[in-house]
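*Asks:* First, the structure itself, so that you have it in front of you.
The values are calculated or read from the model by the stated rules, or taken from the named source; none is laboratory data. Since the structure is predicted, the reported quantities are computational estimates derived from the model, not experimental observations. Here the Cβ is made from the backbone with ideal geometry for all residues, glycine too, and neighbour counts use every protein chain on show.
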Amino acid sequence: MTKNSVVKETHFNFNGQTGFYRGKVRDVYDFDDKVVMIASDRISAFDVILPRPIPSKGQVLNQIASKFLYATKNIVPNWLISTPDPNVSIGIKCETFPVEMVVRGYLVGHSWRTYKSGLRSLCGVSLPEGMVENQKFPTPIITPSTKAHEGHDEDISREEIISRGLVSEEKYAQLEKYALALFDKGTKMAAEKGLILADTKYEFGEKEGIIYLIDEIHTPDSSRYFYADGYEENLANGLPQKQLSKEFVREWLISNNFQGKEGQVVPEMTDEKVEEISKRYIELYEKVTGETFEPSTSDDILQRIENNIKNYLN
């Protein structure tokens, strides 16, 4: 590997830049009217950034997100203006709503862990009795969470969001409508590729009274996919579903006694483990988009990213 064959973090300084924010996996450069978002190769799980970056991961996320953003522009306006580099998206600067709209079509992951503990309500939404893991909900449900800049995002109900004044009732109703319409579109696009969109999350912002879909959409970091082939059979036999998502990383961490809790140590990420995760992300890209992944072959990815952003800004 060359010195900069992965993007762990960036330290650029652009003309006209007004701010900088480093998220779990993205580096965000602010300008007066736009935002430059760099998808790094960092990987997080249980709200912890793992010690080693994953080759090609940022490119996979950025290119899947831009594909779905272009495909859903007719459903809701979105922030994306341009993708001048495989790892970069540039878009409209919005005032972000402080909640994430989590849409669940199936009882899996966090919703299943909640259900298995005996609870029958999640974020104020009643869950039917007698369900099993990975079963489809009668209709998709929305289980919002607060958007934490640091630490853990937390479950919250529609009623709490409105009563706390996080989002007005009128705007929240619009966010719900958009989220369900996007999930429906994502479900149909997944089905064309032999996949089931099990759950996902959407983030929204606002500019001049217009609501925009922001950030990423239908990527392995924000969504969970099952393979449609074998789904019914696995469900009937109580077997795990074959998934395309970051869940395999979480499962590896859990099996090594790590869930982001205090005092727990991230297991060693060997070269083999890093390569395996990279391959899974590439498999996911190809399965979700139906296209062959072309990894960028720059000797110095950071230099390429900086040059491409500067060329765009000029």
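*Asks:* Exactly one of (1) of a type in the set (S, T, N, Q); (2) surrounded by 21 or more Cβ atoms within 10 Å (Cβ to Cβ); (3) assigned to a strand (DSSP E or B) is unmet by residue 62. Its number?
*Replies:* Single failed check for residue 62: (3).
*Asks:* Name the one entry in 203, 216 that is among the acidic types (Asp, Glu) and within 30 Å of residue 235 (Cβ to Cβ). Steps first, please.
*Replies:* Values: 203 fails: within 30 Å of residue 235 (Cβ to Cβ).
216 is the lone residue from the list that is among the acidic types (Asp, Glu) and within 30 Å of residue 235 (Cβ to Cβ).
*Asks:* Suppose we filter the range 209-242 for residues that are surrounded by 13 or more Cβ atoms within 10 Å (Cβ to Cβ), within 28 Å of residue 39 (Cβ to Cβ) and of a type in the set (A, V, I, L, M, F, W, C); how many remain?
*Replies:* Qualifying residue count, the range 209-242: 6.
*Asks:* What strands (runs of 3 or more DSSP E) lie completely within the range 68-140 and have 3 or more residues being surrounded by 15 or more Cβ atoms within 10 Å (Cβ to Cβ) and in contact with a Phe, Trp or Tyr (Cβ under 7 Å, 6 or more places away or on another chain)? Talk me through it step by step, then tell me what you get.
*Replies:* Values: elements: 80-85, 88-92, 95-106.
Ranges flagged: 88-92, 95-106.
*Asks:* Further, regarding this structure: Kindly indicate whether any position in the range 84-93 is within 22 Å of residue 197 (Cβ to Cβ), of a type outside the set (Phe, Trp, Tyr) and more than 20 Å from the chain's Cα centre (by Cα). Quick ask: steps written out before the conclusion?
*Replies:* Our first condition is that a residue be within 22 Å of residue 197 (Cβ to Cβ); within the range 84-93, this holds for 89.
Applying the additional criterion that residues be of a type outside the set (Phe, Trp, Tyr) yields 89.
This time we only want the ones that are more than 20 Å from the chain's Cα centre (by Cα), so: none.
No, there is no match, as no residue in the range 84-93 is within 22 Å of residue 197 (Cβ to Cβ), of a type outside the set (Phe, Trp, Tyr) and more than 20 Å from the chain's Cα centre (by Cα).
*Asks:* Tally time: how many residues in the range 268-296 are farther than 15 Å from residue 54 by Cα and polar (S, T, N, Q)?
*Replies:* Total meeting the criteria: 2.
Yes or no, residue by residue, for (1) closer than 27 Å to residue 48 by Cβ; (2) out of contact with any strand residue (DSSP E or B) (no Cβ under 7 Å at 6 or more places or on another chain):
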site	(1), (2)
147	yes, no
180	no, no
187	no, no
198	yes, no
231	no, no
241	yes, no
248	yes, yes
253	yes, no
256	yes, yes
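*Asks:* Quick check: is even one residue across the range 150-162 surrounded by 21 or more Cβ atoms within 10 Å (Cβ to Cβ), assigned to a loop (DSSP other than H, G, I, E, B) and either on the phi < 0 side of the Ramachandran plot or more than 21 Å from the chain's Cα centre (by Cα) (or both)? Lay out the reasoning, then the answer.
*Replies:* Pass one, the range 150-162, residues surrounded by 21 or more Cβ atoms within 10 Å (Cβ to Cβ): 161.
Next, only the ones that are assigned to a loop (DSSP other than H, G, I, E, B) stay: none.
Looking for residues that are surrounded by 21 or more Cβ atoms within 10 Å (Cβ to Cβ), assigned to a loop (DSSP other than H, G, I, E, B) and either on the phi < 0 side of the Ramachandran plot or more than 21 Å from the chain's Cα centre (by Cα) (or both), one finds none in the range 150-162, hence no.
*Asks:* Taking residue 36, is it closer than 25 Å to residue 285 by Cα, without any contact (Cβ under 8 Å) to a residue 40 or more places away in the chain and not in a loop (DSSP other than H, G, I, E, B)? I'd like the intermediate steps shown before the answer.
*Replies:* Working: closer than 25 Å to residue 285 by Cα: yes; without any contact (Cβ under 8 Å) to a residue 40 or more places away in the chain: no; not in a loop (DSSP other than H, G, I, E, B): yes.
In short, no.
*Asks:* Here is a follow-up. Restricting attention to the range 45-84, report how many residues are touching a strand residue (DSSP E or B) at 6+ places or on another chain (Cβ under 6 Å) and over 30 Å from residue 261 (Cα atoms). Even if it seems obvious, please write down each step before you answer.
*Replies:* So in the range 45-84, the residues touching a strand residue (DSSP E or B) at 6+ places or on another chain (Cβ under 6 Å) come out as 58, 61-62, 66, 69, 76-83.
Checking which are over 30 Å from residue 261 (Cα atoms) leaves us with 66, 69, 76-83.
Qualifying residue count for the region: 10.
*Asks:* Could you list all residues from the range 241-283 that are in contact with a helix residue (DSSP H, G or I) (Cβ under 8 Å, 6 or more places away or on another chain), closer than 30 Å to residue 229 by Cα and of a type in the set (A, V, I, L, M)?
*Replies:* 244, 249, 277, 282
*Asks:* Is there a residue in the range 228-247 that is among the hydroxyl-bearing types (Ser, Thr, Tyr), closer than 30 Å to residue 75 by Cα and at pLDDT 95 or above?
*Replies:* Of all residues in the range 228-247, those among the hydroxyl-bearing types (Ser, Thr, Tyr) come to 231, 245.
Cutting the leftovers down to closer than 30 Å to residue 75 by Cα gives us 231, 245.
Restricting the remaining residues to those that are at pLDDT 95 or above gives 231.
Scanning the range 228-247 turns up at least one residue that is among the hydroxyl-bearing types (Ser, Thr, Tyr), closer than 30 Å to residue 75 by Cα and at pLDDT 95 or above.
*Asks:* So how many residues does the range 277-314 have that are at pLDDT 90 or above, out of contact with any strand residue (DSSP E or B) (no Cβ under 6 Å at 6 or more places or on another chain), more than 22 Å from residue 196 (Cα to Cα) and surrounded by fewer than 16 Cβ atoms within 10 Å (Cβ to Cβ)?
*Replies:* Result for the range 277-314: 7.
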